[in-house]
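Everything below concerns the one structure shown next.
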Amino acid sequence: MKKILAIALALVLVLACFTGCGAKGKTLAEVKEAGKLVIATSPDFPPFENLENGEVVGIEIDILKLVCQDLGVELVIEQMDFSAVLPGVQAAKYDVGVSGITITEKRQKNMLFTQPYYEAAQVIVVKEGSPITSKADLAGKKVSAQTGTTAEEYCLEKGYAVSSFEANSDAQLALLNGNVDAWVIDNCTAKEMVELHNSEDAANPLVILSDIMTTEPYAFAFAFGSEDLVEAVDKSLDKLLADGTIQSIFDKYEYEYEAPQK
Ligand code: ARG
């Protein structure tokens, strides 16, 4: 009997390790000691992060470079699908999640967030001429969204028939192919991807509806245990927000800056 109990206990412990409980995020001292801040990002999200000639660039990369300067450490970028970013951060595999991440109450139960630095929105994208012209028209319709995003969660909650894709480009393709009726995605990335598509395929234009789904704050995510690191990054963000640096980064990428709601 004792043996069985011991085996059961061992199994529970092994499982606990696999699920990442007990994984602790780095402290500020540990990051300084390592001399680098490792960020987890899904660079399919222009203008916040995307690949340009093999290099990850974008608004959030610019912000993190400045944060790293303040911390006196090097920025190290790890690329992955969005669905791997939050679990990876939660398990403390990476120091920070940088991926246009929306703060939600559910996520706050599993990880830490900095203060928000931007107020985004979820929008609905349809083919030009679509009978869907507002949020209410989505009832009973098929929509595409990126796996693991707030867009996916919101659409599932609303009871829409959701097709989820690891890459936003595939969610867009599903709409173009007529496999879904609408595509739900964050506003800036929608603008960037729709403009690019419309310039390349003017015969099949996409439109972004003015009726938005939700507004949501973006921030950077950390594992529990990184409390003092979050505090240091928040201090850096305080400065970058107050002195207009964040605003000027949005200007550089030609996006209107929306301050987060306090
Ligand atoms: N803001 C949304 C969320 O947090 C979508 C983020 C998607 N980010 C990306 N890099 N693909 O769920």
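The values are calculated or read from the model by the stated rules, or taken from the named source; none is laboratory data. Because the structure is a prediction, the values reported are computed rather than measured. All Cβ positions, even for glycine, are placed from backbone atoms using ideal geometry, and neighbour counts span all protein chains on display. Side chains are part of the model used for accessible areas, which takes the heavy atoms of the whole protein and leaves out ligands, DNA and RNA. Shrake-Rupley method; radii C 1.70, N 1.55, O 1.52, S 1.80 Å.
Toward the positive end of the charge dipole of the chain, about the Cα centre and with charges on Cβ (Lys, Arg +1; Asp, Glu -1), which of THR149, PRO43, LEU209 goes farthest? Farthest towards the positive end: THR149.
Summary of packing: across the peptides 192-202, 32-42, 212-222, 151-161, the per-residue average of other C-beta atoms within 10 Å ranks them, highest first, as 212-222, 32-42, 151-161, 192-202.
Accessible surface computed residue by residue for the chain, with neighbouring protein chains in place and a 1.4 Å probe, gives 49 Å² per residue.
Per residue, the chain reaches -12000 deg cm²/dmol at 222 nm when only DSSP H runs of four or more residues are counted, each adding -39500 (n - 2.57).
Percent of C-alpha pairs per 5 Å bin in the chain, short distances first: 1, 6, 12, 16, 17, 15, 12, 8, 6, 4, 2, 1, 1, 0, 0. In this simple spin-label model, placing a label point 7 Å from the Cα along the Cα-to-Cβ direction at both GLU200 and GLU52 gives a separation of 1.7 nm. Projected onto planes of every orientation and averaged, the convex hull of the alpha-carbon atoms in the stretch 78-179 covers 7.4 nm². Between TYR253 and ALA29, the FRET efficiency from the beta-carbon distance, with R0 = 41 Å, is close to 0.75. A protection proxy built from the mean count of other Cβ atoms within 10 Å ranks the segments 92-98, 177-183, most packed first, as 92-98, 177-183.
Between GLU231 and ALA167, what is the FRET efficiency for a Förster distance of 30 Å, r being their Cβ-Cβ separation, to the nearest 0.05? If you can, show how the numbers build up before the last one.
Details: r = 34 Å, r/R0 = 1.15.
Efficiency, rounded to the nearest 0.05: 0.30.
If every alpha-carbon in the stretch 175-253 counts as one equal scatterer, what log10 I(q)/I(0) does Debye give at q = 0.14 1/Å? For the requested q values the scattering log ratios are -0.73. Here the accessible area is traced with a 1.4 Å probe on the protein chains. For the stretch 35-109, carbon and sulfur cover 44 percent of it. Only aspartates and glutamates eight or more places from LYS32 in sequence, or on another chain, were considered; those with a Cα closer than 18 Å are ASP70, GLU74, ASP95, GLU227, ASP228, GLU231, ASP234. For the stretch 119-262, the extents of the C-alpha atoms along the principal axes are 48, 32, 25 Å, listed from largest to smallest.
Given charges of +1 on the Cβ of Lys and Arg and -1 on the Cβ of Asp and Glu, with all other atoms neutral, how large is the dipole of the chain about its Cα centre, in debye to the nearest 20?
On the way: 21 positive and 40 negative charges, 281 e Å.
Here the size comes out at about 1360 debye.
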